[in-house]
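As C-alpha cells, the structure follows; a few thoughts come after it.
The values are calculated or read from the model by the stated rules, or taken from the named source; none is laboratory data. Remember, it's a predicted structure, so these values are computed and weren't measured experimentally. Here the Cβ positions follow ideal geometry from the backbone for every residue, glycine too, while neighbour counts run over all protein chains shown. The accessibility values were calculated without ligands, DNA or RNA, using every heavy atom of the protein model including side chains. Shrake-Rupley method; radii C 1.70, N 1.55, O 1.52, S 1.80 Å.
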Amino acid sequence: VQLQASGGGLVQTEGSLRLSCAASGSTFSGYTVGWFRQAPGKEREFIAAIKWANSNPYYADVVKGRFTMSRDAARNTVYLQMNSLRPEDTAVYYCAAGRPITSYIRSPSMYGYWGQGTLVTVSS
C-alpha cells in the first residue's frame, strides 16, 4: 500500500490544520493506520492511530483533546484534525499503516508502510 500525506503548512499558535493520508495500490482494510511526527533532533513520536475495522482512535496524551483522527472508508483516507496548535507541535507528520497488536500500537517499528511526511510549522 502506498501512502500520500498532505495538508501541512504554517499556522499560528492556537490555529488549526487538517492532515490527510490517502492510500493507493491497496485499501486500508485490515490495517491499523497511525500518525507519527518527528521534530528536528528528536525521535519519531506516536500521535494517533485507528484500527480500520473498529474506527476507535488511540491518542498520545500530549494531543488528547486537541487532535482528532477519523477515517473515510469510501475515500480510503484518514484525517488528523489538529486544533489549538502549539509551537511544540512543529514537526514533520507521517502517516503509516501496519498490523500491530494493540499493546504495540504506539510503536513506529510495528508499521511497515509510511507516507512521505508533511511539515507542520506552528509559529509563536
Count of segment 50-60 residues which are exposed (fewer than 15 other Cβ atoms within 10 Å of the Cβ) and hydroxyl-bearing (Ser, Thr, Tyr): 1
Residue check, PRO100 at pLDDT below 95 and crowded, with 17+ Cβ neighbours inside 10 Å: yes
Test result for SER107, farther than 20 Å from ALA39 by Cα and surrounded by fewer than 18 Cβ atoms within 10 Å (Cβ to Cβ): no
Any strands (runs of 3 or more DSSP E) falling wholly within segment 7-124 and containing at least 1 residues that are at negative phi and of a type in the set (A, V, I, L, M, F, W, C): 9-12, 17-24, 32-38, 45-51, 67-72, 77-82, 91-98, 111-114, 118-123
Matching option when the condition is more than 21 Å from ARG106 (Cβ to Cβ) and open to solvent by less than 30 Å² (accessible area, probe 1.4 Å), among VAL33, VAL11, VAL78, VAL63: VAL11
Residue check, VAL120 without any contact (Cβ under 8 Å) to a residue 60 or more places away in the chain, buried (at least 20 other Cβ atoms within 10 Å of the Cβ) and more than 17 Å from VAL1 (Cα to Cα): no
Index of the failed condition, GLN4 passing every other in (1) under 15 Å from ALA73 (Cβ atoms); (2) open to solvent by 30 Å² or more (accessible area, probe 1.4 Å); (3) touching a strand residue (DSSP E or B) at 6+ places or on another chain (Cβ under 6 Å): (1)
